[in-house]
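**Student:** I'd like to ask some things about the structure below.
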Amino acid sequence: MLLLTGATGLVGSRVLRRLTAARIPVRCLVRDPRRLGPERVRVQIALGDLADPPSFRNALRGVTTVVHLAAAIRDQPRGSIEELNGIATWRMVQAAEAAGVRRFVFFSALGASAHDRTRFLRAKALAEEAVVASDLEHVVVAPSIIYAPGDVFMTLLSRMAAIAPVVPVSGSGRAEYQPIWADDVADCVMALLRDDAAPPPARNRYELGGPETLTYTQITELLLRAAGRPRRLVHVPTPIVSRALRASEAILKSKAPATWDEAELMEVSLLTARGVADAQLLGVEPSPMRAVLKLDDGPAC
């Protein structure tokens with residue numbers, strides 16, 4: 001039995017479809033099973049979430065492999081970024097050890113460091129430390145920015161472009177990424193979930209990046225073109241963005257359309273010197289962003 005967290009997310013939903021198609025027994029830790037869509041009738045369901053550590057024990061019963069994809073890039077009513085990423089992962093690792101789990105696949109992030117400027121990457125670094133220090137057979141996957149046509153960020157940009165002649169970008173927009181398609185990431189995860197007769201993965205850490213290095217500004221331009229709404233970008237100074245988003249959060253709480261923690265992540269480069277090498281080790285050739293978005297090979301506008 002395999003336990004999947006984050007099964008309704010950008011990568012998790014794609015991994016889940018591949019698991020059920022391969023007839024691999026799956027249990028999903030979810031708060032609302034309806035968000036699993038048609039896959040909910042093909043899996044076992046464990047009610048709970050990262051803010052509910054007692055739910056881990058039931059979810060882990062009889063499980064041999066955990067794929068821990070769930071994460072939070074903003075504070076939630078039931079927990080902070082630190083609680084839902086760092087502390088929750090540490091507790092899940094402890095529960096997995098107690099339950100006799102053999103293998104733990106954990107999604108971290110490129111650049112995760114205890115000294116990073118962002119709360120999310122600091123929390124991911126602490127979570128990664130807990131996984132690596134455990135007695136579990138583990139694999140850490142650290143991707144650059146992950147995207148897919150029609151994802152939340154692309155939808156938000158399209159909506160902004162529909163009501164305004166310009167689109168704001170926080171800060172300089174010069175942070176660099178190696179964007180990787182969510183389907184390519186899901187294929188990498190499946191390559192890690194080899195059956196017991198196959199040899200274990202060659203490494204216990206994989207850094208996943210796409211074949212292009214693009215700035216945040218270039219990524220935004222490409223996504224707007226793909227949505228059919230090219231717009232001029234206006235770079236807003238970071239202090240103004242910070243004050244505006246913090247004020248919005250104070251008023252709207254968890255319903256704020258964007259938070260400073262999310263915006264700050266877009267000012268931190270997420271790069272790997274290994275490029276596409278680790279994905280290729282797993283038998284996956286990451287696609288260029290323009291090809292996935294069905295754009296020509298010309299420069300971003």
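The values are calculated or read from the model by the stated rules, or taken from the named source; none is laboratory data. Just so we're clear, the structure is a prediction, and the values are computed from it rather than from any experiment. Quick reminder, even Gly has a Cβ in these numbers, built from the backbone with ideal geometry, and neighbours come from all protein chains shown.
**Student:** Give me the pairs, please: first residue somewhere in the range 178-191 and more than 15 Å from Gly9 (Cβ to Cβ) and polar (S, T, N, Q), second residue anywhere and at pLDDT 95 or above and in a strand (DSSP E or B), beta-carbon distance under 6 Å, and either six or more positions apart or on two chains.
**Tutor:** Close Cβ pairs (under 6 Å, with a partner that is at pLDDT 95 or above and in a strand (DSSP E or B)) do not exist here.
**Student:** Something else now. With the requirement that a residue be modelled with pLDDT of 95 or more, among the aliphatic types (A, V, I, L, M) and more than 24 Å from Leu192 (Cβ to Cβ), what does the range 48-90 give you?
**Tutor:** Passing the criteria: Ile81, Ile87.
Okay, residues lined up against (1) touching a helix residue (DSSP H, G or I) at 6+ places or on another chain (Cβ under 6 Å); (2) surrounded by fewer than 17 Cβ atoms within 10 Å (Cβ to Cβ):
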{"residue": "Leu29", "(1), (2)": "yes, no"}
{"residue": "Pro38", "(1), (2)": "no, yes"}
{"residue": "Gly62", "(1), (2)": "no, yes"}
{"residue": "Ala72", "(1), (2)": "yes, no"}
{"residue": "Ile87", "(1), (2)": "no, no"}
{"residue": "Met92", "(1), (2)": "yes, no"}
{"residue": "Ala95", "(1), (2)": "yes, no"}
{"residue": "Gly100", "(1), (2)": "no, yes"}
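**Student:** Has the range 145-162 got at least one residue that is of a type in the set (D, E, K, R) and either part of a strand (DSSP E or B) or buried (at least 20 other Cβ atoms within 10 Å of the Cβ) (or both)? Spell out the reasoning first.
**Tutor:** At the first step, the residues of the range 145-162 found to be of a type in the set (D, E, K, R) are 151, 159.
Checking which are either part of a strand (DSSP E or B) or buried (at least 20 other Cβ atoms within 10 Å of the Cβ) (or both) leaves us with none.
No: zero hits.
**Student:** Please find, within the range 107-130, the residue that is farthest from the chain's Cα centre (by Cα) out of those that are under 11 Å from Leu265 (Cα atoms) and part of a helix (DSSP H, G or I).
**Tutor:** Going through the qualifying residues, I end up with Arg119.
**Student:** Turning to a different aspect of this structure: Can you give me the number of residues within the range 74-115 that are under 17 Å from Asp52 (Cβ atoms) and of a type in the set (D, E, K, R)?
**Tutor:** Adding up the residues that qualify gives 5.
**Student:** Kindly list, by first and then second residue, each pair from a residue in the range 270-288 that is under 11 Å from Cys188 (Cα atoms) and touching a residue at least 60 places away in the same chain (Cβ under 8 Å) to a residue that is among the hydrophobic types (A, V, I, L, M, F, W, C) and assigned to a helix (DSSP H, G or I), limited to pairs with Cβ atoms under 7 Å and residues at least 6 apart or on different chains.
**Tutor:** Ala279/Cys188; Leu282/Cys188; Leu282/Ala191; Leu282/Leu192; Gly283/Ala191; Val284/Cys188; Val284/Ala191; Pro286/Ala279
**Student:** Looking only at residues in the range 218-266 that are more than 20 Å from the chain's Cα centre (by Cα) and among the hydroxyl-bearing types (Ser, Thr, Tyr), which one is farthest from Asn85 (Cα to Cα)?
**Tutor:** The extreme case among them is Thr238.
**Student:** Those residues that are assigned to a loop (DSSP other than H, G, I, E, B), of a type in the set (D, E, K, R), out of contact with any Gly (no Cβ under 8 Å at 6 or more places or on another chain) and under 24 Å from Asn85 (Cα atoms), I need them from the range 1-60; list them, please. Lay out the reasoning, then the answer.
**Tutor:** Just the residues of the range 1-60 that are assigned to a loop (DSSP other than H, G, I, E, B), to begin with: 1, 6-11, 22-25, 31-32, 42-43, 48-53, 60.
In the following step, the residues that additionally are of a type in the set (D, E, K, R) were identified as 23, 31-32, 42, 49, 52.
Applying the additional criterion that residues be out of contact with any Gly (no Cβ under 8 Å at 6 or more places or on another chain) yields 23, 32, 42, 49, 52.
If the condition is that a residue be assigned to a loop (DSSP other than H, G, I, E, B), of a type in the set (D, E, K, R), out of contact with any Gly (no Cβ under 8 Å at 6 or more places or on another chain) and under 24 Å from Asn85 (Cα atoms), then Asp32, Asp49, Asp52 are the ones that fit.
**Student:** Pick from the range 131-144 the residues that are of a type in the set (A, V, I, L, M) and in a strand (DSSP E or B): which of them is farthest from the chain's Cα centre (by Cα)?
**Tutor:** Val139
**Student:** What pairs come out if I take residues in the range 243-260 that are on the phi < 0 side of the Ramachandran plot and surrounded by 14 or more Cβ atoms within 10 Å (Cβ to Cβ) and pair them with residues that are in a helix (DSSP H, G or I) and of a type in the set (Val, Ile, Thr) whose C-beta lies under 8 Å away, six or more apart or interchain?
**Tutor:** Trp260/Val241
**Student:** Taking the stated definitions as given, is Glu267 in a strand (DSSP E or B) and touching a residue at least 40 places away in the same chain (Cβ under 8 Å)?
**Tutor:** Details: in a strand (DSSP E or B): no; touching a residue at least 40 places away in the same chain (Cβ under 8 Å): yes.
No: the conditions fail for Glu267.
One line per residue, one yes/no per condition, for (1) under 28 Å from Ala112 (Cα atoms); (2) over 15 Å from the mean Cα position of the chain (by Cα):
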site	(1), (2)
Ile146	yes, no
Ala161	no, yes
Val169	yes, yes
Pro211	yes, yes
